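Below: one structure, written as structure tokens.
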Amino acid sequence: MKASMSVRRYISGVICLLIVGGLFSYLGYRMGAAEMLNTVMHTAFDLLINTCFYLMAICVITGAIGKLFVEFGVVDLLETLLRPLMRPLFNLPGMASLGAVMTFLSDNPAIISLSKDHRFASHFKKFQFISLTNFGTAFGMGLIVIIFMISQGFFKEPLIGLFGAFVGSIVSTRLMQYFVVKSYPDYATSPAIDMTPEEALAIEPEHEEEKSTFLRTLNSLLDGGKAGVDVGMTIIPGVLIISTLVMVLTFGPSANGQYTGAAYEGIELLPALANEISGFFRFVFGFTDPHQIAFPITALGAVGAALSLVPNFVQQGWVDGNAIAVFTAIGMCWSGFLSTHTAMLDSLGYRELTSKAILSHTIGGLCAALAAHWLCIILL
């Protein structure tokens, strides 16, 4: 038995070395060994400084606001008002809508800041709680994406894209719940945490005994902000490892066509592969120019980087109203989920379900694009 286990470990070790060695050998062959290593390090460093710390700041602010909303009963109000909408569409408690609002105003990890609150989590079953990763991601950076598209001179198209993202969020959330229950049937009835909402309310830091509204507000903001710092730290490994790889496989060399070792250079492998199935993208997205494929490919890793492509596309005349609607839908729904899903599920404590979350959200994003494309055909 031990010999068999040792052989399997040796085989898996050899396979791992072949995959990692093959990947870096190919990158080194295309970019040059020194330039490849410099690009990887510079990209990871830039992601740490300009992305991870930015996301940590978002987690702190949204964690504080979310805690404030919980302290003063906003969550309970949303639960009452939006329960008729959330249950039939997403199969989630009404208070999950707060997560959609927070991620729409900020970014994906805001939903994790809320999930760390015991009172919030106590209203969910385990399968619903896990699906919050997909639910929250589908609205990530929504406000930024819509405003950016409007600034490019498009008005109706971003709203159509918002509808598409809404459709994609339903598909992604429901699929994730289906996969979780299929793999773990007991999660359908098990509570997310082993306490009732009343018990969770009793152990949470409460400040109602303090007569001063100022002190209740201050303590709520500090408690939520502290939880946000912890969440911000947990997302750093996933962002640096996964997003760096996506960037290197997505972007191309420097402006002069040479590899210099600067951040965000790459071999453009993903766009090249996408061009091989351009007919599929033409049907799903309605794209009329091959350059447009770069947006959804880039949005897999970072929607901010994908948005940076749009001004040049507009200047070159590569986009139309349909493309903007699809960009908005898929940019919101995917919003860099490949670089955050692993860290988000790890933070929730369900890392083993990462593959199911990624598959569900990939399908959800495609449905978002398809809905936006066909709504454009109908309306525009």
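In region 78-157, Cα pairs under 8 Å separated by at least six residues give a relative contact order of 29 percent.
Note on the chain: Rg/Rh from C-alpha atoms, Kirkwood Rh, equals 1.00. A simple spin-label model places the labels of Tyr10 and Trp374 5.5 nm from each other, with each point 7 Å out along Cα-to-Cβ.
Sorting the segments 9-22, 212-225, 48-61 by their residues' average number of neighbouring beta-carbon atoms within 10 angstrom, most packed first, yields 48-61, 212-225, 9-22.
Between the alpha-carbon centres of region 243-286 and region 31-96 there is a gap of 26 Å. Membrane-span-like helices in the chain (whole DSSP H runs, Cα extent of at least 20 Å along the helix axis, mean Kyte-Doolittle hydropathy of at least 1.0): 53-71, 354-379.
Only counting other Cβ atoms within 10 Å, I'd like Glu157, Glu265, Glu35 sorted with the fewest neighbours first. Don't skip to the end; give the middle numbers.
Numbers: Glu157 28, Glu265 24, Glu35 20.
Fewest-to-most ranking of Glu157, Glu265, Glu35: Glu35, Glu265, Glu157.
For region 311-380, the convex hull spanned by the alpha carbon atoms encloses 87 Å³ per residue.
In this calculation the C-beta distance from Thr288 to Leu215 is compared with R0 = 45 Å, giving a FRET efficiency of 0.15.
No value in this document is a laboratory result; all are computed from the given coordinates. Values in this document were obtained by computation on a predicted structure and should not be read as measured data. For neighbour counting, all protein chains shown are included, and Cβ atoms are generated from backbone atoms with ideal geometry for every residue, glycine included.
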